[in-house]
Amino acid sequence: MDATLDPGKHTLRVTADVTFLCRTNLATLELFLNPQLHIDAVSDFSGSSFTWARSGWVGSARFAVQLVKPCPAGNTVQIHFGYSGTIQPRAPFLSQPDVQVLRDDDLWFPQAGAFDFAESDMTVRAPARSKSLASGELVEQQVEGESAVFHWRTKRPVSSRTLVIYAPPKRASVVEQVSFAAAADKTTPVAQPVRVEEICPEELATPPGAAPCGVLARRAAPIIQHFTAMLGPPPETSLTLLPVFDSGESGLGYSAPGMLLLSDWAARFAGAREYAPGFLAHEIAHQWFPCGVAPASAADGWLAESLAEYLAWRYLLEADPEGARTMVAEAMRDSVAYTPARPLSLGLELLGAPWSAARANLYQRGMLVFRTLETAIDRERVDRALTEFYKSYEGRSASISDFRAVCEEIAGRKLGWFFDYFIQGTEIPTIELRRLPSESPGVVAGEIAVKGLPPEGSVRVEMAIRTAQGVVEHSVATRGAVTPFSVNVPAPALGITLDPDQRILRWTEAAERSKAQTAILAALPVELVTKDLPSAIELLRGALAADPDDASRRAQLLHEQLGELEREHEEWQSALADLEAAINGHSLSPFDTYLCRAKAYLFHGEVQMQEGHFQEALEDARAGLSLPQFVLMEHFRAGTARENSTQTLQQALESLRDSASHQ
């Protein structure tokens, strides 16, 4: 391929010689190319033209090439393409004037399907003083007149042809070398070291006050080491981290073989684990799935996003146990209670849904399904299955059926019930522990009642039995609807906690309460907040009352929202009480806790100003400004007066501080 790009104009001109392997007998080759690109030539390598036609549908990327001779299964056909045009960047991958990111989804090269593995030899021409990034090795770079020329070549088939053009950094990049120790027996081959490079182009996307250059690379190194020990070496021996696009106010990432493109926020707050503890591990896990083993179809996307989320949790389990606990607690509440539930078999199609639906279904529930698989076949077998799956399919596409076959081989039994129930379906089981009378104080008797699982379904349910002489841990493999159990204990049982680590995707009290609160808040549209404050306030109070002991851990958020509206309605004392409850409250995640506190300090201070308590307002502003920077940079909309505000919390708190100081 020879590609010429102008990032400022988003123009692209390409000539490409592509060899296709025919898996079946083909007379016509169905391909996809961005409809914004004009096809100038389609021929064989000797120059003889092929007959081709674009789809008749407006905006369709599909086009068909009529082969001169049919291509038998197992044979290859070689085609030369020439095309040019303009490709406008799409959200959230909005490029800067001197940056262009061409992803597979942009269909900037002729492809037969997503995640096609191929070797590539690519010459890239860009404006002088540009840099480029692509999969493989940079063989050569030079300057030809007004152009910078880069030659990229892969050593093995890769699943992506992502291409990036960016401005050269003003400061040097940081390189970390990830090495792997030899096995004790000296016979196991050592994985080739992985070179991790973080490019720090502050003029591109990294805002003032960003984390020091090198934080991302240093955090990435142990993650790569962890996944290599678990799955085997990554497909590429280098990983380049580049903050290259503006996400507005969230941490986003895009992984391609050997590269990880990050949003400015992800780079800015890379060192703050409380901001997004699993983010970097999730994105690096994509170097294995889907960069190493790709989904065979969009429906197999569970093996990309859900698996990456599970692997991120596994990394946090060792590196940041509190972050791992938070991931599970949020998922067990939010994904279970989310409606409408969508089957995981929709895979990557779920990414086209609103982010809340994609996060709850594909990311959170998908991660919980992998955790539940641990209880069906145990974690050690899940690890063996993932290792074997990656080893068997590296450099190829694989389906959920392929993964199921590997799991069944390692588990030594059929698992159709598990994959049909948890991936094809949307049901969620209820599991209940019932105490039964025991003849001895040294024995705890009971039964595990399971509702919703198919008759052949079985999961291992853990329990923690609290006694005066310590906690006794026990587990029960369920059989059918009811499974009896008995446990010897050193002293009478004081209480039993079912599934203490929330290892099974199931209904919990937190999810039940959250679902009830969500149903109440569904009647709280923006119009009600702006036109009928008393009714909106009563709805929020009803949501609080629906969970009096805060099992869902939403009370802090509801108190903060209630305080905002009470302030707008000039219910000063009620507003102060609710905002104080928000300041002193806690949500499931540290990020949500800090965010609620920052807003609560702001509105509490404004009420204090209204009441003439200027010193108290100043103390609120200072307390709010002492919270983590990643919270203070959040934009917010609050109440009727600020509906169209674009302020950050930091700006609003600074304004409150200045006003209180002047008073």
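Nothing in this text is a laboratory measurement; each read-out follows from the coordinates by a stated rule. Source: prediction; values computed, not measured. Here the Cβ is made from the backbone with ideal geometry for all residues, glycine too, and neighbour counts use every protein chain on show.
Could you list, in their original order, any pairs among 69/155; 9/131; 414/451; 391/414 whose Cα atoms are separated by more than 25 Å?
69/155
Provide the packing ranking of 325-336, 546-557, 434-445, i.e. peptides ordered by the mean count of other C-beta atoms within 10 Å per residue, highest first.
325-336, 546-557, 434-445
For the chain, what class follows from the C-alpha gyration tensor (a ≥ b ≥ c being the square roots of its eigenvalues): rounded when a/c is under 1.5, otherwise prolate if a/b is larger than b/c, else oblate?
oblate
Hey, what did region 515-598 get for relative contact order, percent, Cα under 8 Å, at least 6 apart?
Relative contact order for region 515-598 comes out at 25 percent.
Looking only at Cβ-Cβ distances, which cysteines of the chain have no other cysteine closer than 4.7 Å?
291, 407, 596
Work from the charge dipole of the chain (Cβ charges, +1 for Lys and Arg, -1 for Asp and Glu, about the Cα centre) and give the residue of 450, 73, 354 farthest towards its positive end.
It is 73, whose Cα lies furthest towards the positive end.
List the GluC sites (Glu not before Pro) in region 559-663 that DSSP assigns to loop (not H, G, I, E or B) and whose Cβ has at most 11 other Cβ atoms within 10 Å. Which are they?
Passing both the DSSP loop test and the Cβ count: 570, 643.
Suppose every Lys and Arg Cβ carries +1 and every Asp and Glu Cβ carries -1, with no other charges. What dipole size does the chain come out with about its Cα centre, to the nearest 20 debye?
Charge dipole of the chain: 1660 debye, to the nearest 20.
Mind running the shape call on region 413-534? Use the C-alpha gyration tensor, a ≥ b ≥ c as the square roots of the eigenvalues: rounded below 1.5 for a/c, prolate if a/b tops b/c, oblate otherwise.
Oblate is the answer for region 413-534, as a/c is 1.5 or above yet b/c matches or exceeds a/b.
Relative contact order for the chain: what percent, with Cα pairs under 8 Å and sequence separation of 6 or more?
It comes to 7 percent, rounded to a whole number.
Cα gyration tensor of region 474-540, axes a ≥ b ≥ c as square roots of the eigenvalues: rounded (a/c below 1.5), prolate (a/b > b/c) or oblate?
It comes out prolate by the Cα gyration axes.
So what is the relative contact order of region 509-662, in percent, for Cα pairs below 8 Å that sit 6 or more residues apart?
That works out to 18 percent.
Mind checking which helices in the chain clear 27 Å along their axis (Cα) and have mean Kyte-Doolittle hydropathy of -1.0 or more, DSSP H runs only?
Passing helices, by number: 590-610.
The chain: longest stretch without exposed chymotrypsin sites (Phe, Trp or Tyr not before Pro) (DSSP loop, at most 11 other Cβ within 10 Å), sites themselves excluded?
Of all site-free stretches, the longest is 58-663.
If you keep only loop residues by DSSP, which trypsin sites (Lys or Arg not before Pro) in region 341-423 have at most 16 other Cβ atoms within 10 Å of their Cβ?
413, 414
Which of the trypsin sites (Lys or Arg not before Pro) across region 101-174 are loop residues per DSSP, with 16 or fewer other Cβ within 10 Å?
Answer in residue order: 129, 155, 170, 171.
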